[in-house]
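Student: Can you read through this structure? Questions will come right after.
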Protein chains: 2
Amino acid sequence: MKENTGKSKYVILGMLARMPLTGYTIKKWLENEYSHFWQESYGQIYPTLKILVAQGLAVCSDKGEHGNGRGQIVYSITDAGRKELSEWMREKPEIEKLRYEILLKISFGENTESEVLIGHLDDFIRRNEDLIKEMKDCMENFSQLMGEGIDCTYSRLTALCGEYVYSAMKDWAEEAKKIIIEKGES
Amino acid sequence: MKENTGKSKYVILGMLARMPLTGYTIKKWLENEYSHFWQESYGQIYPTLKILVAQGLAVCSDKGEHGNGRGQIVYSITDAGRKELSEWMREKPEIEKLRYEILLKISFGENTESEVLIGHLDDFIRRNEDLIKEMKDCMENFSQLMGEGIDCTYSRLTALCGEYVYSAMKDWAEEAKKIIIEKGES
DNA sequence: TGATTTATATATCAATATGATATATCATTA
DNA sequence: TAATGATATATCATATTGATATATAAATCA
């Protein structure tokens, strides 16, 4: 079993801190709510869950115990797990490592026609428009829940970040298009 | 030798398309000019360079041939390499996968004190201010080069993206701080 | 009713990527 | 001249992804 010094451990602990979950529901929840700023694969989730249990940070039900007959294993956080999570929360977040393929292609722009770059930027603008809409819908949904007395301040904050960043990306791409078109005309 | 279907291959080709480089200079150049949106490690660069040669996409000098006696191996792109790069340039860029630890910590905010979150946000604001300054300096530098007749449109565009995104991040963090403080007061 | 498709669920693995480290030479500085 | 730092190649354990295998249950449909 690997040491697992990465972040997967804490992501899963953070999710388990809200409610008991199966590996599958962790994956689905990540895809729906976290995918804009975090990803985990099954290849990380299942081994990490076992490590959490081995380290006493989580406990698991027997296969099928709470189950619907499909052999599901439900994991719950322990007090030690909450302590570990709380300690990690205090640590300074690491500088993010990104891989923006569109920026790579723009920076290598001299190796293709400007039409190709503009095509990529158009796709990018459209995608960011969709994402902005998604974030706004999300915000509205959270606002409604807040009205009903359900506190989702922190989830709302991550959606707000999405709105800000995707808007900036869209604005940049539109400006970039203009600059590339100008360059072509000169 | 691995298949290497990832992106490292194209990043290196894109850099070699400008000038012949050693593995070391590729790494340093990436750190200086690309690190805001792309990273590669030595563990990727050196094996990938060998694969590029094996696939006829690059050629290398003998150890020390052009060298200063330090055994450097200089890699140059071939016509086949330029063709491969050009084909990749046309492909739609993949959706970026990000890992923003600060957003993860904000979204798990209920597991710590609001002072901890505000501390992280303050650090984040300061870092983004530095980055905005760095991007602006970079832009100015490129503008000067443009004045001297050196075309660096594409590098300027990536710096512009940095300016937009880091500004958005800073604005978000300031708004997030306000919301967290408000929540604490209510 | 039975057949097909979709969703739930665990699990593994090859390929990819990171981060740290080992080794050695040359250049600069104290 | 000894120490430090920059240049340079290389490897490895760990981390991570993306795809796939396997199986059951639920929903849809003919």
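Student: Based on this model, can you work out whether B:Glu110 counts as open to solvent by less than 40 Å² (accessible area, probe 1.4 Å), within 7 Å of chain A (Cβ to nearest Cβ) and either at pLDDT 95 or above or not in a helix (DSSP H, G or I) (or both)?
Tutor: For B:Glu110, the condition - open to solvent by less than 40 Å² (accessible area, probe 1.4 Å), within 7 Å of chain A (Cβ to nearest Cβ) and either at pLDDT 95 or above or not in a helix (DSSP H, G or I) (or both) - is not met.
Student: If you go through segment A:119-142 one residue at a time, do you hit one that is at the interface with another protein chain (Cβ under 8 Å from one of its Cβ atoms), part of a helix (DSSP H, G or I) and in contact (Cβ under 8 Å) with a residue 12 or more places away in the chain?
Tutor: Within segment A:119-142, one or more residues are at the interface with another protein chain (Cβ under 8 Å from one of its Cβ atoms), part of a helix (DSSP H, G or I) and in contact (Cβ under 8 Å) with a residue 12 or more places away in the chain.
The values are calculated or read from the model by the stated rules, or taken from the named source; none is laboratory data. What you see is a predicted model, and the numbers here were worked out from it, not measured in a lab. Virtual Cβ from ideal backbone geometry, glycine too; neighbours counted across all protein chains shown. These area figures cover heavy atoms from the full protein model, side chains too; ligands, DNA and RNA do not enter into them. Shrake-Rupley method; radii C 1.70, N 1.55, O 1.52, S 1.80 Å.
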